[in-house]
């Protein structure tokens, strides 16, 4: 049994998660996060017999994955689908299902305690196989969390377990929030004019990183008004084009600093006017100065 803390400041006990009996042995064990079990594995061809969980299950497949999934609805209907790289599969609590991995694959599965989903809102009780693109467009952090978790797939359980558990809890929160928003129509998938607007902003930030996003000019290029341009961009990305561009620059600077670049090199590569400009941007996004994002060895050498 596992004891977790709920939203009412009470401790409660949840059953341990067991992967299906009869599957080939796994190198990694599921790890318990906050109301979430996380399974990250580099699987050999494998078969998970018919079984069910008391949790929401979301399985992500990567690379050249080829997986046949099957599920049975409470009303008795049977569905079969092929899960490939870049796809996910979501199954509600209590639904019987089986899985057959045809080839070696990188896999992430998260199992979410239904009691932890109360704050998200009512979720449609349905199983689905879909691509990740729309979910990442709604919550871009999902892509970063998945990439981080994948790095643990070939490692044994050990000292990094707490990091996997924490990242899995964060991924579950972002993904299920996106699932709810897309299901309720709060945010629409990127299609048509909205897709063109997002594409234009990303293109401009890539090609002209030193410039402020010219909303009026980009709006004319896709045949809409600046107001509609901003509204559509915010609807999908959750913030204005200018703020999104700022975050991209700050994220790029953080990557450079954490990979060992000096502050001076980061200013030049990260298209900032000077170190004060860099620090101002990083404080606005991450609430820390540039030096806080550098490895200790680099920090000492610049002192």
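The values are calculated or read from the model by the stated rules, or taken from the named source; none is laboratory data. Values in this document were obtained by computation on a predicted structure and should not be read as measured data. Backbone-built Cβ (ideal geometry, glycine too); neighbour counts: all protein chains shown.
The condition of being assigned by TED's automatic domain parsing to the domain that holds residue 39, surrounded by 20 or more Cβ atoms within 10 Å (Cβ to Cβ), under 20 Å from residue 19 (Cβ atoms) and in contact with a helix residue (DSSP H, G or I) (Cβ under 9 Å, 6 or more places away or on another chain) holds for only one of 164, 138, 91, 99, that being 164.
Of everything in region 147-161 that is surrounded by 18 or more Cβ atoms within 10 Å (Cβ to Cβ) and either without any contact (Cβ under 8 Å) to a residue 40 or more places away in the chain or in contact with a helix residue (DSSP H, G or I) (Cβ under 7 Å, 6 or more places away or on another chain) (or both), the residue that is nearest to residue 38 (Cα to Cα) is 149.
The rows are residues; the columns are (1) part of a loop (DSSP other than H, G, I, E, B); (2) without any contact (Cβ under 8 Å) to a residue 40 or more places away in the chain.
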| site | (1), (2) |
| --- | --- |
| 199 | no, yes |
| 206 | no, yes |
| 212 | yes, yes |
| 224 | yes, yes |
| 228 | no, yes |
| 232 | no, yes |
| 248 | no, no |
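Looking across region 114-131, the residues that are at pLDDT below 85 and buried (at least 16 other Cβ atoms within 10 Å of the Cβ) come down to 116, 117, 123.
One line per residue, one yes/no per condition, for (1) modelled with pLDDT of 85 or more; (2) farther than 23 Å from residue 206 by Cβ; (3) out of contact with any helix residue (DSSP H, G or I) (no Cβ under 7 Å at 6 or more places or on another chain); (4) assigned to a loop (DSSP other than H, G, I, E, B):
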site	(1), (2), (3), (4)
257	yes, no, no, no
268	no, no, yes, no
277	yes, no, yes, no
282	yes, no, no, no
291	yes, yes, no, no
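Within the option set 233, 229, being at pLDDT below 85 and on the phi < 0 side of the Ramachandran plot holds for one residue only, 233.
Taking the condition over 19 Å from residue 283 (Cα atoms), more than 27 Å from the chain's Cα centre (by Cα), modelled with pLDDT of 80 or more and assigned to a helix (DSSP H, G or I), does residue 178 pass? Break it down stepwise before answering.
Working: over 19 Å from residue 283 (Cα atoms): yes; more than 27 Å from the chain's Cα centre (by Cα): no; modelled with pLDDT of 80 or more: yes; assigned to a helix (DSSP H, G or I): yes.
Here the answer is no, as residue 178 does not meet what is asked.
There is at least one residue in region 184-197 that is in contact with a helix residue (DSSP H, G or I) (Cβ under 7 Å, 6 or more places away or on another chain), crowded, with 17+ Cβ neighbours inside 10 Å and modelled with pLDDT of 80 or more.
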